[in-house]
Amino acid sequence: MDCYWYISESLRPWEAAVAGALARGLIKAGVKIHPFSGCGTESLAVPGLLSWRSLNAVERLITVAGKGKLWHLWGTPPKWWKLLRLRSRTIHTCFNRSLRWEGHPTVLSAVSYSSGESYIPPAFEMKMSWGAEEGKEPYDEGRPGLFLLAGKPDEGRLYAESAASLSSMLLDFDRAEDGVKLLSSGNCVLLLPGPTPSLSLLAAFAALMGVPTIAACSPSLDELLGKDGYVRLPSENQEDVREAFALVLGEGGRSASAFARRYVSDSFPPDKGAKKLKELYDALSGEEN
């Protein structure tokens, strides 16, 4: 059975990249999908992807009313989703656990899913760069480090002072003009005082670009980067933060980043997640493997 995808505009760039890598893995495995994107299409790089906004009202109505017996929603459900569920089986992957499930729930973290949900391994590709220059080293010891704070901007002052003491800077990742491209600018460190499953996906992409992560201890980071794949923040004490920052700017950050890069590429190839998705599609559509 063909599967129709709707990728919501609510997905952040690294979340959309995971969906795109899984889609390419499915296509390579011979699964026929018909993908639509509620936002742009360029960053997803999925063959045959159509922009939902490019369709006129009649085309949207025909698609919702009559196409596809199996749909996969990624992110926040669109308003027309309940109409679609009246006639189709649906699968839902969300990155915000406060959302209500619309269709069979799937999650991308094995450490945070519960009974009734299906775990799908996320997918990462080494070519993901967000504009990194070919052959560019992630560190130049002659330049100051740049800490990108994601997730807890209200605690920026504490971390900014520690960064300044090491001749480094701190920026709010979410407020930066293009935070994801800063990761490829060199001499960056991703700072996650409160890791979430979504931010752990971001850390995995950062690792593929040679960017180390410094974060509070997190099961989702352990899962995606490995326990040795990031530098831990032991506490929010000023001295502890300063010592951890010094570690991540030196050999500790380089070794953690190298470990995480190998771990992510070896543990989460696109074909692994695509295989699990195909099994789920077959089960929900009544097809035999």
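The values are calculated or read from the model by the stated rules, or taken from the named source; none is laboratory data. No experiment lies behind these values; they were computed from the predicted model shown. Positions of Cβ are generated from backbone atoms using ideal geometry, with glycine treated the same way; all protein chains shown enter the neighbour counts.
Here are the numbers:
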| item | result |
| --- | --- |
| Scan of segment 1-40 for residues that are of a type in the set (Val, Ile, Thr) and in contact with a Cys (Cβ under 8 Å, 6 or more places away or on another chain), ordered by number | Ile7, Val31, Ile33 |
| Members of segment 64-80 found to be out of contact with any helix residue (DSSP H, G or I) (no Cβ under 9 Å at 6 or more places or on another chain) and not basic (Lys, Arg), listed by number | Gly66, Thr76, Pro77 |
| Elements of type helices (runs of 4 or more DSSP H) in segment 194-253, at least 2 residues being farther than 27 Å from Leu108 by Cβ | 238-248 |
| Residue in segment 55-66 that is charged (D, E, K, R) and out of contact with any Gly (no Cβ under 9 Å at 6 or more places or on another chain) present | yes |
| Evaluation of Ser198 against (1) over 21 Å from Gly20 (Cβ atoms); (2) under 16 Å from the mean Cα position of the chain (by Cα); (3) of a type outside the set (A, V, I, L, M, F, W, C) (one fails), failing number | (1) |
| Residue in segment 81-98 that is over 17 Å from Ser8 (Cα atoms) and either modelled with pLDDT under 90 or buried (at least 20 other Cβ atoms within 10 Å of the Cβ) (or both) present | yes |
| One residue from Lys278, Lys181 being in a helix (DSSP H, G or I) and within 26 Å of Ala110 (Cα to Cα) | Lys278 |
| Failed item, numbered, when Ala110 is tested on (1) crowded, with 16+ Cβ neighbours inside 10 Å; (2) in contact with a strand residue (DSSP E or B) (Cβ under 6 Å, 6 or more places away or on another chain); (3) at pLDDT 90 or above | (1) |
| Residue check for Gly68: free of Cβ contacts under 8 Å to residues at least 24 places away in the same chain and either in contact with a Pro (Cβ under 7 Å, 6 or more places away or on another chain) or of a type in the set (Gly, Ala, Ser) (or both) | no |
| Residues located in segment 200-232, provided they are in contact (Cβ under 8 Å) with a residue 40 or more places away in the chain, surrounded by fewer than 22 Cβ atoms within 10 Å (Cβ to Cβ) and over 25 Å from Ile120 (Cβ atoms) | Gly210 |
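Yes/no per residue for (1) closer than 15 Å to Thr106 by Cβ; (2) in a helix (DSSP H, G or I); (3) in contact with an Asp or Glu (Cβ under 6 Å, 6 or more places away or on another chain):
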{"residue": "Trp5", "(1), (2), (3)": "yes, no, no"}
{"residue": "Leu11", "(1), (2), (3)": "yes, no, no"}
{"residue": "Ala17", "(1), (2), (3)": "no, yes, no"}
{"residue": "Gly20", "(1), (2), (3)": "no, yes, no"}
{"residue": "Arg24", "(1), (2), (3)": "no, yes, no"}
{"residue": "Gly30", "(1), (2), (3)": "no, no, no"}
{"residue": "Thr63", "(1), (2), (3)": "no, yes, no"}
{"residue": "Pro77", "(1), (2), (3)": "yes, no, yes"}
{"residue": "Lys82", "(1), (2), (3)": "no, yes, no"}
